[in-house]
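This report refers to the structure that appears directly beneath it.
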Amino acid sequence: MSVRRLAQESVQPASFAFKGGMKGEAKKWIAKYPKGREQSAVIPLLMLAQEQEGWVTKAAIENVAEMLGMPLIRVLEVATFYTQFQLQPVGTKAHIQVCGTTPCMLRGSGELIRVCKEKIHAEPFHTNESGTLSWEEVECQGACVNAPMVMIFKDAYEDLTPERLAEIIDEFEAGKGAAVKTGPQIDRVFSAPEGGALTLKTEITVKPGKTAKGAAPKAAAKAEAAKVPPAKAAKPKTAAIETSKAIKGPKAEAKKSAAKNEAAPVALASLDDKNRPAAIAKPAQPDDLKLISGVGPKLEGVLNGLGIFTFAQVASWKKAERDWVDGYLKFKGRIDRDDWVKQAKALAKGGRDEYVRVFGKEPR
Ligand code: FES
């Protein structure tokens, strides 16, 4: 970035004052800020001074400082910082600010500078012979996506080629600058892709029914469950209970179902079926069927209701009989999974001791 200094004394006018409508504009800007905060209007006032004079003179800086009650150095800091303020006379019809920062440089700003040198002057900040055009190189102007670009006063001209910049300069020189299209100089809308949109071109409509049954709600529910560890969820008591129920759902349901089966089995299998195990009358000392893993007090009552009271009875069940009992209890194979027959054989043969010998653990 070039060093920004005030122009030589020889070109500085002796005085400055806002004239005509500019005086009213300046007052309007100052009035926008609270009393004691008038200095916030420093940038708008310097811009107005530049519009009136064509550049920011030393006299204008002093005048603005006085109007806003600011130290002169504070206004000088602002005027010399921003490249939008011209500190010396520039072309009366156009001052071309060519962005030379990396994106614009990679996209051809060097060629744009060549055009300026050829059409205006070999050196920046020098006007052409008629004093109507000048140019300089500036840092990024914030339009990198449409690089390379130039600023001419308040407007940006983007997606430039050397040829297009040459045309633009000619139009300003001809006094038709106001008619030149600003922004992208190619088939691009603002900073959208060149030639039109390339993505999100299809409108997707979600059908209400689809949302309810689709995978998304399932995934959302899964994610929701995953992000609340059941043991550590810091929720109100009621909510914690609900969450715990929801997470433990399948297990709790299975337990509930087993208890239900033990309590009130639904007789899907016919009691008259030939595969129903043979019943006996209740002996004086029935076996404790609860020693069979998987049989609880209620289930024992159901078995007793079917005329089954001893380990020997269970130990004698053949496949068809086991299936009948399993179906009657709606166990879905649990009798074989828990191997009631093997357990009952051990218990029938030698009671607890035999059970421990066979299974290596105490029954229930
Ligand atoms: S690099 Fe040129 S506008 Fe940002």
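The values are calculated or read from the model by the stated rules, or taken from the named source; none is laboratory data. Computed from a prediction, not measured in an experiment: that's the story for all the values here. Note that each Cβ is placed from the backbone with ideal geometry, even for glycine, and that neighbours are counted across all protein chains shown.
For the reader, a short list of remarks on this structure follows.
- In the stretch 105-121, the residues that are surrounded by 15 or more Cβ atoms within 10 Å (Cβ to Cβ) and over 47 Å from the mean Cα position of the chain (by Cα): 119, 120, 121
- Selected residue (only one of 78, 115, 42 is closer than 22 Å to residue 169 by Cα and out of contact with any His (no Cβ under 7 Å at 6 or more places or on another chain)): 115
- Qualifying residue in the stretch 295-306 (condition: over 17 Å from residue 277 (Cβ atoms), in contact (Cβ under 8 Å) with a residue 12 or more places away in the chain, charged (D, E, K, R) and assigned by TED's automatic domain parsing to the domain that holds residue 276): yes
- Neighbours by Cβ (under 7 Å, 6+ apart or cross-chain): first from the stretch 52-67, assigned by TED's automatic domain parsing to the domain that holds residue 33 and assigned to a loop (DSSP other than H, G, I, E, B); second crowded, with 19+ Cβ neighbours inside 10 Å and of a type in the set (Ser, Thr, Tyr): none
- Flag for residue 65 being within 19 Å of residue 5 (Cα to Cα) and more than 42 Å from the chain's Cα centre (by Cα): yes
- Of the criteria (1) more than 15 Å from the ligand (Cβ to nearest atom); (2) under 23 Å from residue 48 (Cα atoms); (3) surrounded by fewer than 21 Cβ atoms within 10 Å (Cβ to Cβ), which one residue 182 fails: (1)
- Among the residues of the stretch 320-347, the ones that are over 13 Å from residue 270 (Cα atoms) and buried (at least 18 other Cβ atoms within 10 Å of the Cβ) come to 10 in all.
- Residue match in the stretch 122-129 (condition: touching a residue at least 12 places away in the same chain (Cβ under 8 Å), within 16 Å of the ligand (Cβ to nearest atom) and surrounded by 12 or more Cβ atoms within 10 Å (Cβ to Cβ)): no
- Within the stretch 85-129, the residues that satisfy the criterion of being assigned to a loop (DSSP other than H, G, I, E, B) and closer than 18 Å to residue 3 by Cα are 85, 86, 87, 88, 89, 90, 100, 101, 123, 124, 125, 126.
- Count of the stretch 278-335 residues which are among the aliphatic types (A, V, I, L, M) and within 60 Å of the chain's Cα centre (by Cα): 8
- Filtered residue count, the stretch 83-115, keeping only those that are more than 16 Å from residue 162 (Cβ to Cβ), within 16 Å of the ligand (Cβ to nearest atom) and modelled with pLDDT of 95 or more: 4
- The residues of the stretch 130-151 that are within 14 Å of the ligand (Cβ to nearest atom) and among the β-branched types (Val, Ile, Thr), listed by number, are 138, 145, 150.
- Among (1) of a type in the set (A, V, I, L, M, F, W, C); (2) over 42 Å from the mean Cα position of the chain (by Cα); (3) more than 16 Å from the ligand (Cβ to nearest atom) - the single one residue 43 does not satisfy: (2)
- Filter pass, residue 361 being in a helix (DSSP H, G or I), on the phi < 0 side of the Ramachandran plot and charged (D, E, K, R): no
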